[in-house]
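The values are calculated or read from the model by the stated rules, or taken from the named source; none is laboratory data. Keep in mind the model is a prediction, meaning the values are calculated, not measured. Ligands, DNA and RNA are stripped out before the accessible areas are found, and what is left, the full protein with its side chains, is counted by its heavy atoms. Shrake-Rupley method; radii C 1.70, N 1.55, O 1.52, S 1.80 Å.
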Amino acid sequence: MRLPRAYREGGLLVWRHLIPLVWLNLIWISLSWTVILSGPATLAAYALIARMREDQDPDLRQFPALLRINLLPGTLWLLTALLFAFLMYSNLVYWLRALEPFGDSVVSLMAVYLTWLFIALQPYLLEALSVERLPYGAAWRSALMGLAREPVSAHLYVVIPVLLGVISFFTRTLALVVLVSLALAFAATQVRPLVEYTPPPESAEDDPDLPEPSSSA
C-alpha cells in the first residue's frame, strides 16, 4: 500500500527547497509575533510554497506584496480559526460539567473529531484563498468539496500537523526554524501533486558526441 501523496511528495518538496523553507519560516515567525499578521503571513507563505510545488523558483522578495494581497483573507482566516477554538473550548468545558461520564466521553470524542475535520479542511482552504484567490465564502465551499473528493487522504494528512505540533512542544527551537513551513509544504502537496518538469531530449544535431550524418552525392 502506497503512502498518501502528501506524505511522499511533501517530503520531496521539503528536501528540494529546505533552505528557502527555513528562511520563509523565519519570516513567518518574525511577523507572527504581532499575532494579527499571523493569518496574512500564513497565506503569503503558502502562496510561495505553492509556487515551489509547481517547480517555480521561489522569490522571497515577493513576500511583502503577497502579504498585502492576503491581508484581508488572512485576517478572516485567523479570526475563523480563533472562533472555532473558542467554541470548541467553551462547549467542551460546559458539557463536561453538565453531563454524566458517558456523555463526557461522547462530547470529548465529538470535539476531537470536529477539530480533526477542521484541520483536514485547511490545505484546501489555504489553496482557495491564497492561490485561487476566491472570496471567503466561496473558498470554504471549495474546501468542503476538496475534502469530499479526497476524504481518506485529507483525514490522514492531519497526522502531519499533529506530529509536528508534538515535536514543536518538545523542541521549541526546531519549531522556530522550520516546522510551520514543513506543515504548509505537506498541505500544498495534499491539494495538488508535485509538478515535475523534465527537459526536452537533445536532438542529434545538438549532441557533439554523435557522428554527423554522411551526405550522399
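Some points to look at:
- Carbon plus sulfur fraction of accessible area for the chain, probe 1.4 Å, in percent: 70 percent
- Choice from SER38, SER153, SER90 showing the highest fluctuation, given a GNM over the chain with Cα pairs closer than 10 Å: SER90
- Accessible area of region 41-105 divided out per residue, in Å², using a probe of 1.4 angstrom: 59 Å²
- Kirkwood hydrodynamic radius (C-alpha pairs) into Stokes-Einstein, region 1-145, 37 °C and 0.692 mPa s, D in µm²/s: 193 µm²/s
- Between the helical axis of 159-170 and the longest alpha-carbon principal axis of the chain there is an angle of about 70 degrees.
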